[in-house]
Amino acid sequence: TLSLHDALPIYSFIPPFIMDPADPQKLYVGTMRVYETINGGASWAPISPDLSDGKGGNLVTIAVAASNTNVIYAGLSTGGVKVTTNAKSASPVWSTVQTGLPNRAITQIAVDPSNPQIAYVLFSGFSYSTDTLGHVFRTTNSGGTWTDISANLPNIPADDLVIDPDIPNTLYLATDIGVFISSNNGGTWTPLSN
């Protein structure tokens, strides 16, 4: 195990910290690896290899599935997405799940609160030239395939997404120009206010 200072050799200006939804003593922090503490931060241990695959970049977002905390998604500053479905094992296996996603900086990953196979990944930057992809993508098979659900959103960075736990198919999206709502899983978006 490592102290937090030793565990953070390469990290974002503000590294992602996230608490396990099932255990408040368990936290995760992202550098180029995912580190875990099971004792409220007294010591840390890596639960992933270098997720940048030696290509540089660092983690900017980590999302733990509330319905199955064995499932963790991680997003890199270089646009890569990784997932493990056995985070609680002695040697978690991480897979690259970014086929079909844009080559832009990731801003956030959100996991459906009731289904760990459904996740959303958000991107910064702007579509231009040969990059015609949007900023919000959804998977229903743990990243095996991704669907661009940007629909009628403006070509603007997407920053944060909240999945409504009480109203089915409802998403709230924060962008650089305001908040949008979708009541059909991203089929269409409407500004939340003027």
>> Among the residues of region 92-121, what is the count of those that are within 21 Å of S183 (Cβ to Cβ) and open to solvent by 70 Å² or more (accessible area, probe 1.4 Å)?
In response: 1
> Inside region 53-85, can you point out the residues that are outside any strand (DSSP E or B) and open to solvent by less than 40 Å² (accessible area, probe 1.4 Å)?
Replying inline: G56, G57, N58, A65, T69, V71, G79, G80
> Before we move on, is S124 surrounded by fewer than 21 Cβ atoms within 10 Å (Cβ to Cβ), closer than 16 Å to I72 by Cα and of a type in the set (S, T, Y)?
Replying inline: no
> What's the number of the condition Y35 fails, among (1) in a loop (DSSP other than H, G, I, E, B); (2) over 19 Å from D160 (Cβ atoms)?
Replying inline: (1)
> Applying the selection to region 86-126, what residues are part of a loop (DSSP other than H, G, I, E, B), among the aliphatic types (A, V, I, L, M) and in contact with a strand residue (DSSP E or B) (Cβ under 8 Å, 6 or more places away or on another chain)?
Replying inline: A87, V93, V97, L101, A105, I118
>> Report every pair of residues separated by at least 6 positions or lying on different chains whose Cβ atoms are under 8 Å apart, first residue within region 75-95 and in contact (Cβ under 8 Å) with a residue 12 or more places away in the chain and within 20 Å of W146 (Cβ to Cβ), second among the charged types (D, E, K, R) and in a loop (DSSP other than H, G, I, E, B).
In response: T78/K55; G79/R104; G80/D53
>> Looking only at region 165-184, count every residue that is surrounded by fewer than 14 Cβ atoms within 10 Å (Cβ to Cβ) and not in a strand (DSSP E or B) and tell me the total.
In response: 8
> Which ones in region 56-79 are within 13 Å of R33 (Cα to Cα) and not β-branched (V, I, T)?
Replying inline: G56, G57, N58, L59, Y73, A74, G75, L76, S77
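The values are calculated or read from the model by the stated rules, or taken from the named source; none is laboratory data. Since the structure is predicted, the reported quantities are computational estimates derived from the model, not experimental observations. Cβ atoms come from the backbone with ideal geometry, glycine included; neighbour counts cover every protein chain shown. When the accessible area is computed, the model is the full protein with side chains, heavy atoms only, and any ligands, DNA or RNA have been set aside. Shrake-Rupley method; radii C 1.70, N 1.55, O 1.52, S 1.80 Å.
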